[in-house]
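Accompanying notes for the structure given below.
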Amino acid sequence: MTAAVLAVQGAFAEHEQKLDELGINHIELRERADLDRDFDALILPGGESTVQGKLLRELGMFDALKDRIQHGLPVLATCAGMILLAESIENDDRQYFATLPVTVRRNAYGRQLGSFFTEAEYDGLGKVPQTYIRAPFVTNVSDGVEVLSEVDGHITAVRYKNQTALAFHPELSGDLRIYRDFLRQGQDS
Ligand code: GLN
């Protein structure tokens, strides 16, 4: 299988390193033409959702990627990626792919708790290390959305059909279980 990593802005290199550790072939999506290459799974990295959303539109990648996500391409979205997928952003009028029926709050932990590390239960995996950097959390989920992880009563990881969205950064820990779990989907699809 081949995983594509959105590489227009943010922490894409760290995801690629994890894919290397797992021996998974991967490509970078930097421009419209990259979407014509074969890939079976997509990673949307952390970074700045406003910048990523703007670049996706300017580069002419937005509609084609949205279409592939809607048609079942397995997606692992982290932090800003979660914001790109969310149907609604509570404290921002902007909307991006809007393929994931949840509401998120951007920069939900405020300034003081902008960044922190914790370990929390993750559905089916037990405790996993979780690094948060100016992260969102989920404030509302529609029917059919599975909650995978919660920290201090806030939902921080969800799955809906082919879309897995994490408020934290698995690429910054040494733990590969979330990737393995996700890539299994790409291999089956
Ligand atoms: N605060 C960023 C945003 O709103 C997300 C931060 C991150 O991806 N680490 O897009």
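The values are calculated or read from the model by the stated rules, or taken from the named source; none is laboratory data. This one's a predicted model, so the numbers in the text were calculated from it and none came from an experiment. Cβ placement follows ideal geometry from the backbone for every residue including glycine, while neighbour counts extend to all protein chains displayed. For the accessible areas, the whole protein counts, side chains as well, though only heavy atoms, and no ligand, DNA or RNA atoms are used. Shrake-Rupley method; radii C 1.70, N 1.55, O 1.52, S 1.80 Å.
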If I ask for residues that are open to solvent by less than 10 Å² (accessible area, probe 1.4 Å) and not in a strand (DSSP E or B), which ones from segment 121-142 would you list?
A135, P136
Any chance segment 41-51 includes a residue that's open to solvent by 80 Å² or more (accessible area, probe 1.4 Å) and not in a strand (DSSP E or B)?
no
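Yes/no matrix, rows are residues, columns are (1) open to solvent by 30 Å² or more (accessible area, probe 1.4 Å); (2) assigned to a strand (DSSP E or B); (3) over 21 Å from H15 (Cβ atoms); (4) among the small types (G, A, S):
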| residue | (1), (2), (3), (4) |
| --- | --- |
| A77 | no, yes, no, yes |
| I83 | no, no, no, no |
| E87 | yes, yes, yes, no |
| D92 | no, no, yes, no |
| F97 | no, no, no, no |
| V102 | no, yes, yes, no |
| N107 | yes, no, yes, no |
| G110 | yes, no, yes, yes |
| F117 | yes, yes, no, no |
Do we find a residue being among the charged types (D, E, K, R) and within 14 Å of the ligand (Cβ to nearest atom) anywhere in segment 116-130?
no
Output for segment 73-115, where each listed residue is in contact (Cβ under 8 Å) with a residue 60 or more places away in the chain, within 15 Å of the ligand (Cβ to nearest atom) and more than 14 Å from V158 (Cβ to Cβ)
A80
Residue hits (segment 163-181; buried (at least 20 other Cβ atoms within 10 Å of the Cβ) and of a type outside the set (S, T, Y)) are Q163, A165, L166, A167, F168, H169, P170, E171, I178
Six or more apart or on different chains, Cβ atoms under 9 Å: show the pairs whose first residue is in segment 23-38 and assigned to a loop (DSSP other than H, G, I, E, B) and whose second is of a type outside the set (S, T, Y) and open to solvent by 60 Å² or more (accessible area, probe 1.4 Å).
I24/M1; R30/L59; E31/L59
